[in-house]
Amino acid sequence: MSAEVINLSCYKFAPLEGLEELRTRLQEATKAHGLKGTILLAPEGINFFLAGTRPQLAAVLEVIRAVPGLADVVPKESPSSDQPFKRMLVKIKKEIIAFGVEGVDPARRPATKISARRLKQWLDEGRPVTLLDTRNDYEVRMGTFKGAIVPQIWNFRDFPAAVENLPAELKTQPVVMFCTGGIRCEKAGPFMAMQGYTDVLQLDGGILKYFEEVGGAHYEGECFVFDERVGVGPDLRETGSVICFNCQMPLTVEDQQRPDYVYEKSCRHCVDGKPKGRGNTAQRGA
């Protein structure tokens, strides 16, 4: 592609109907304008990752915003030099982010949000606040906020069980949860409220929005993303991280310089056997 590729990521919890017809319409629009990526549709809303030129994206966003309930979608942007997706998929799912807990309804009972700028201000001031990372362990390894609690889960469906192991005193203390783009926190926040947590906030727009608005202050490392870029830094540009061919774990540039990294053969996570997670079924943990 001669023009710089723009990557859009966005979700919106809103009751959607006529999903089959909507899928067909979006398939036709994305094909007509040459986009690649993934669009997930569910009765609870939409979640999409698209990449293309700005005119291509604008045309498809017009189709999405014409859907009742989706008029105000505001995607997050990041650039890349190449197309990070190999194909275009439009899928209908039960949930746009799998969680499996009845009664969690982000569209009608959303989590209270805190902006990136406000969170940075709090951290600059040293306010007593607990940061909670809701992402999978293999994502957290690439970077997270300084001092954040990491539940060490391999799948978001494991989050409810991890909450049971959090310190009991957090139920009455300020907690700011965060994830890549915000979508997991949309469900994690209401769930924690159901469990008796009284002061839980969600970082609005997640790590990617934080990078966009305030850079990397109070954050260490990079952010894992679910496309061929693998990781982006506080400047929202890809970092040089890759996925291990053998075990599918993300590897930073430093990981690739280790002696146990052999191209298309092994890395520090699988040199003694494949780790659990990222689609692997081996029982050994990394």
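Every number here is computed from the coordinates shown, using simple stated rules; none is lab data. From a predicted model like this one, the values you see are computed outputs, not experimental measurements. All Cβ positions, even for glycine, are placed from backbone atoms using ideal geometry, and neighbour counts span all protein chains on display.
Here are a few things to note about the model shown:
- Order of Glu102, Glu17, Glu186 - criterion: other Cβ atoms within 10 Å of each residue's Cβ, fewest first: Glu102, Glu17, Glu186
- Taking θ as phi - 60° and the Karplus parameters 6.51, -1.76 and 1.60, the scalar couplings of region 84-101 work out to x, 10, 8, 7, 10, 10, 10, 10, 9, 10, 5, 9, 7, 9, 5, 9, x, 10 Hz in sequence order, x denoting glycine and proline.
- Net charge in the neighbourhood of Asp72 (other residues with Cβ under 10 Å of its Cβ; Lys, Arg +1, Asp, Glu -1) is +2.
- Paramagnetic reach from Gln248 in region 205-228 [backbone N under 19 Å; point 7 Å along Cα→Cβ]: 224-228
- 5 angstrom amide H check on Leu89, placed H, neighbours 5+ away: Gly37, Thr38, Ile39
- The label point for Glu164 and the one for Glu125, both projected 7 Å from the Cα toward the Cβ, are 3.7 nm apart.
- Rel. contact order, % - alpha carbon contacts under 8 angstrom, at least six apart, region 11-93: 42
- Basic side chains Lys and Arg get +1 at the Cβ, acidic Asp and Glu get -1 at the Cβ, and with that the dipole of region 121-246 about its Cα centre reaches some 260 debye.
- Amide H contacts of Ala42 (H built 1.01 Å from N, under 5 Å, at least 5 apart or other chain): Lys93
- Approximating the spin labels as points 7 Å out from Cα along Cα→Cβ, the Arg117-to-Gln256 distance works out to 3.6 nm.
- The alpha-carbon atoms of region 112-221 define a convex hull whose volume equals 87 cubic angstrom per residue.
- Amide H contacts of Gly216 (H built 1.01 Å from N, under 5 Å, at least 5 apart or other chain): none
- Ordering Phe49, Phe178 from the fewest to the most neighbouring beta carbons within 10 Å gives Phe49, Phe178.
- Sequentially through region 23-30, phi angles give Karplus couplings (6.51, -1.76, 1.60; θ = phi - 60°) of 4, 4, 4, 6, 4, 5, 5, 5 Hz, Gly and Pro residues having no value and appearing as x.
- Shape category assigned to region 155-270 from the gyration tensor of Cα positions, a/c cut at 1.5: prolate
- Positive contributions from Lys and Arg (+1) and negative ones from Asp and Glu (-1), summed over other residues with Cβ under 10 Å from the Cβ of Lys187, come out at -3.
- Region 109-170: relative contact order as a whole-number percent, Cα under 8 Å and 6+ apart: 25
- Within the shell of other residues whose beta carbon sits under 15 angstrom from the beta carbon of Arg25, the net charge comes to -1, with Lys and Arg scored +1 and Asp and Glu -1.
- Dipole moment magnitude, nearest 20 debye, the chain about Cα centre, only Lys, Arg, Asp, Glu C-beta charged: 400
- Relative contact order of the chain, pairs being alpha-carbon contacts under 8 Å that are 6 or more residues apart, as %: 15
- Here the Karplus curve 6.51 cos²θ - 1.76 cosθ + 1.60, taken at θ = phi - 60°, turns the phi angles of region 33-42 into couplings of 9, x, 7, 10, x, 9, 10, 10, 10, 8 Hz, with x standing for Gly and Pro.
- Centre-to-centre, using Cα atoms only, region 115-141 and region 167-215 are separated by 9 Å.
- Fewest-first ranking of His269, His33, using other Cβ atoms within 10 Å as the exposure measure: His33, His269
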